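Peer 1: Pasting a structure here, questions to come.
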Amino acid sequence: MALTFKTAFKNEMSKALEPLGFQKVKKSNHPFLARVINGEIVEAVTCFSGYKPPKGWGVYFVEIGIASIYTDTMDMSVKNGNNGWFRSMGEYYGATLKPNGFEQLRPLDSVPCIEFQKGDEQAMLDSIRECANYAAGVFSETDIKTVTDIDSYFDWLVRHHMARLLINYEDDFASSVHGHYAGNEGLLWLLTSEGRDPEAEFARHIERENLMYKARGEEREALDHGEKQNRLELVHSHFRMMNEPELKEAAMREIERRKEMNLLRLRTQGFGV
């Protein structure tokens with residue numbers, strides 16, 4: 001029987017990622033591998049077909065995701081519905097801020113995708129293995145390795161995905177932004193070990209963004225009109241969530257609901273949480 005791409009992907013990724021604590025996600029119609037950190041943070045790897053490849057070729061891109069069990073869109077039983085917390089593998093290598101300053105680990109276009117002529121099983125395996133090694137490198141070479149708990153995950157989001165920390169209390173705290181930045185984590189403001197100031201956190205995010213633009217040689221600043229508006233909305237929403245008792249109680253109920261829902265999903269898919 002011919003080896004299918006789905007089986008090959010899961011097997012080869014497992015070889016590279018199992019030493020890091022990853023396992024195959026059970027009861028899913030799409031290939032996911034994931035690990036759970038500290039019972040609250042989920043890191044996962046999957047793939048997607050980004051465009052129609054040339055006839056006779058298979059082309060897939062590797063995606064890496066990170067989310068807390070307090071997010072609103074974590075579902076690894078399906079292919080779609082996870083866009084908010086998954087990004088292409090190249091993005092993790094292309095924008096890393098190290099303690100000694102900005103350093104681009106690899107040019108974005110140097111990170112491979114999986115591509116092979118259909119019917120060439122060895123080429124398929126070789127390409128998956130190359131990408132599997134790169135995927136393993138994300139968790140040892142980039143600053144995703146600093147994520148060990150809610151506080152360090154919050155800091156990682158401030159650096160890379162501040163929009164996911166926006167608060168939408170008008171729709172059961174669901175994602176206030178969609179598509180690229182869906183996967184709302186706005187409830188994490190209530191879960192850090194110490195209270196966080198949204199003005200200060202947004203300023204940290206903007207500082208990091210400006211360093212990135214400078215390193216790329218781009219003559220612009222991150223704080224455009226949209227980000228200024230986001231900052232104003234975040235400060236206002238944060239104040240309300242922290243100071244209006246009914247709103248804070250509703251947020252805490254939603255935290256427990258998401259926690260139980262996502263933990264149940266993970267247990268169903270083979271994780272001992």
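The values are calculated or read from the model by the stated rules, or taken from the named source; none is laboratory data. Values in this document were obtained by computation on a predicted structure and should not be read as measured data. Don't worry about glycine lacking a Cβ; one is built from the backbone with ideal geometry, like all the others, and counts go over all protein chains shown. Accessible surface is based on the protein model in full, side chains and every heavy atom, while ligands, DNA and RNA are left aside. Shrake-Rupley method; radii C 1.70, N 1.55, O 1.52, S 1.80 Å.
Peer 1: When you check E91 against the structure, is it within 13 Å of the chain's Cα centre (by Cα), at pLDDT below 90 and open to solvent by 10 Å² or more (accessible area, probe 1.4 Å), yes or no?
Peer 2: Numbers: within 13 Å of the chain's Cα centre (by Cα): yes; at pLDDT below 90: yes; open to solvent by 10 Å² or more (accessible area, probe 1.4 Å): yes.
Taking the combined requirement at face value, the residue satisfies it.
Peer 1: In addition: Listed residues K26, K15, K79, K55; which is basic (K, R) and under 18 Å from the mean Cα position of the chain (by Cα)? Write out each step before concluding.
Peer 2: Numbers: K26 fails: under 18 Å from the mean Cα position of the chain (by Cα); K15 fails: under 18 Å from the mean Cα position of the chain (by Cα); K55 fails: under 18 Å from the mean Cα position of the chain (by Cα).
Answer to the selection: K79.
Peer 1: Just need a number here: residues in region 14-37 that are open to solvent by 60 Å² or more (accessible area, probe 1.4 Å), closer than 17 Å to N133 by Cβ and assigned to a strand (DSSP E or B).
Peer 2: Residues meeting the conditions: 0.
Peer 1: Select from region 247-273 the residues that are open to solvent by less than 80 Å² (accessible area, probe 1.4 Å) and free of Cβ contacts under 8 Å to residues at least 24 places away in the same chain and list them in ascending order.
Peer 2: The one that is open to solvent by less than 80 Å² (accessible area, probe 1.4 Å) and free of Cβ contacts under 8 Å to residues at least 24 places away in the same chain: M261.
Peer 1: Say we look at region 201-247 and pick out the residues that are among the aromatic types (F, W, Y) and touching an Asp or Glu at 6+ places or on another chain (Cβ under 9 Å); which of these is nearest to N184 (Cα to Cα)?
Peer 2: F202
Peer 1: Which numbered condition in (1) in a strand (DSSP E or B); (2) at pLDDT below 85; (3) among the hydroxyl-bearing types (S, T, Y) is the only one that T73 fails?
Peer 2: The number of the failed condition is (1).
Peer 1: Now for a different question. State yes or no: is E209 more than 27 Å from G39 (Cβ to Cβ), open to solvent by 30 Å² or more (accessible area, probe 1.4 Å), at pLDDT 75 or above and among the charged types (D, E, K, R)?
Peer 2: Values: more than 27 Å from G39 (Cβ to Cβ): yes; open to solvent by 30 Å² or more (accessible area, probe 1.4 Å): no; at pLDDT 75 or above: yes; among the charged types (D, E, K, R): yes.
Spelling it out, it is not the case that E209 is more than 27 Å from G39 (Cβ to Cβ), open to solvent by 30 Å² or more (accessible area, probe 1.4 Å), at pLDDT 75 or above and among the charged types (D, E, K, R).
Peer 1: Is at least one residue of region 40-57 over 19 Å from G84 (Cβ atoms) and not in a loop (DSSP other than H, G, I, E, B)?
Peer 2: For region 40-57, residues over 19 Å from G84 (Cβ atoms) and not in a loop (DSSP other than H, G, I, E, B): present.
Peer 1: Is it the case that H225 is under 30 Å from K24 (Cβ atoms), modelled with pLDDT under 90 and open to solvent by 80 Å² or more (accessible area, probe 1.4 Å)?
Peer 2: On the way: under 30 Å from K24 (Cβ atoms): no; modelled with pLDDT under 90: yes; open to solvent by 80 Å² or more (accessible area, probe 1.4 Å): yes.
No: the conditions fail for H225.
Peer 1: Inside region 1-25, can you point out the residues that are aliphatic (A, V, I, L, M) and modelled with pLDDT of 95 or more?
Peer 2: A8, M13, A16, L17, L20, V25
Peer 1: A further question follows. Restricted to region 131-169, and to residues that are within 14 Å of R87 (Cβ to Cβ) and of a type in the set (G, A, S), which residue is surrounded by the fewest Cβ atoms within 10 Å (Cβ to Cβ)?
Peer 2: Per the stated criteria, the residue is A163.
Peer 1: Return only the number of the condition from (1) over 24 Å from T142 (Cβ atoms); (2) modelled with pLDDT of 90 or more; (3) open to solvent by 30 Å² or more (accessible area, probe 1.4 Å) that G81 does not satisfy.
Peer 2: So the condition that G81 fails would be (2).
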